[in-house]
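The structure under discussion appears below in the form of structure tokens.
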Amino acid sequence: MIGGSRMPFSEWLRSESEPDWTAVVTHPFAAAICRGTADMRRYLEQDFQFVDAFTALLGAAVAAADGFESRVAVGRFLGRTVADTERGYFHRALAALGGDPAPPALEPVTAEFRALMDEVRRGQDYARILAVLCVAEWTYLGWASRTTEPPEGFVYREWIELHSGPEFEAWVGFLRGELDRLGPGLDEHGRARVLDAFRRATALERRFFDMALG
């Protein structure tokens with residue numbers, strides 16, 4: 001319960017991050033991925049630059065979590081999905097697209113998003129770490145789950161599959177559930193800090209899609 005209402009904390013964070021949230025999950029570039037028409041090379045080259053920082057952020061979540069079961073859930077996702085399935089996808093997709101795993105320059109939004117991940121990682125505040133992880137995963141579930149028919153070509157199809165389906169939905173549900181569990185116990189300052197991280201991550205997701213669209 002937040003602010004005297006029965007709204008779960010994660011839903012409150014999302015609602016307080018409009019209009020950026022809706023702009024992300026309905027973004028024209030995301031829609032183009034679902035149709036199989038997006039120009040994926042530059043997008044994936046830049047997105048790959050998050051993998052190391054995102055992996056470190058997941059590691060920080062394991063360290064900062066307040067219970068064993070939470071550590072296990074994050075650690076399982078880190079080992080099975082990010083370090084294995086997702087890493088392999090990037091290498092295969094970039095090779096197929098003629099892309100470079102180490103592009104000559106980071107786009108400004110890429111650098112800013114990595115800086116936010118590094119900031120919350122260093123802070124070791126589990127709720128703020130969850131906020132950034134949740135935005136990254138929940139927004140992607142939001143647009144990927146809109147796909148009505150998987151497009152041809154593994155670059156599109158597997159990227160959508162990585163961010164939809166029962167297992168990914170369960171992962172997003174876990175992140176939201178952790179925020180919903182922790183939120184009511186935070187004081188006003190703590191909630192404001194989590195909201196700040198959530199809003200900044202959402203705005204950066206929007207700007208990242210804007211960059212990809214060109």
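The values are calculated or read from the model by the stated rules, or taken from the named source; none is laboratory data. Remember, predicted model here, so these are calculated numbers, not experimental data. Quick reminder, even Gly has a Cβ in these numbers, built from the backbone with ideal geometry, and neighbours come from all protein chains shown. Accessible surface areas use protein heavy atoms only, side chains included; no ligands, DNA or RNA. Shrake-Rupley method; radii C 1.70, N 1.55, O 1.52, S 1.80 Å.
Things to note:
- Working value for the chain: equivalent-ellipsoid semi-axes of 28, 18, 17 Å, each the square root of 5 times a Cα gyration tensor eigenvalue, largest first.
- The GNM of the chain, with springs linking C-alpha atoms under 10 angstrom apart, assigns the highest mean-square fluctuation among Ala201, Ala127, Ala93 to Ala93.
- With R₀ fixed at 45 Å, the C-beta to C-beta distance from Glu69 to Thr26 puts the FRET efficiency at about 0.85.
- For the chain, calculated [θ]222 nm from helices alone, where every DSSP H run of n ≥ 4 adds -39500 (n - 2.57): -22500 deg cm²/dmol
- Rg/Rh (Cα only; Kirkwood hydrodynamic radius) as it applies to the stretch 76-115: 1.07
- Protein-only accessible surface order, largest first, of Cys134, Cys34 at 1.4 Å: Cys34, Cys134
- Summed side-chain charge close to Ala136 - residues other than Ala136 whose Cβ falls under 11 Å, Lys, Arg +1, Asp, Glu -1: -3
- Looking at the chain, the accessible area is 46 square angstrom per residue; that uses a 1.4 Å probe and ignores ligands, DNA and RNA.
- Computed Kirkwood radius, in angstrom, where 1/r is averaged over Cα pairs of the stretch 72-189: 16.2
- Straightening the chain between Met211 and Arg146 buys 21.3 nm, computed as 0.36 nm per residue apart minus the Cα-Cα spacing.
- Stokes-Einstein diffusion coefficient of the stretch 33-122, Kirkwood radius over Cα pairs, 4 °C, 1.567 mPa s, in µm²/s: 90
- For Phe113, the shell of other residues with beta-carbons less than 13 Å away shows a net charge of -3, using +1 for Lys and Arg and -1 for Asp and Glu.
- Counted charge near Ala212, where neighbours are those whose Cβ lies closer than 12 Å (Asp, Glu -1; Lys, Arg +1): -2
- Most mobile listed residue (Pro151, Pro104, Pro184) in the chain, GNM with C-alpha springs under 10 Å: Pro104
- Rolling a 1.4 Å probe across all protein chains gives Met40 an accessible area of roughly 0 Å².
- With a simple spin-label model that places each label point 7 Å from the Cα along the Cα-to-Cβ direction, the separation between Ala115 and Asp52 comes to 1.8 nm.
- The stretch 1-81 - percent of accessible surface contributed by carbon and sulfur, probe 1.4 Å: 55
- Reported to the nearest whole Å, the Cα centre-to-centre distance from the stretch 141-214 to the stretch 1-62 is 4.
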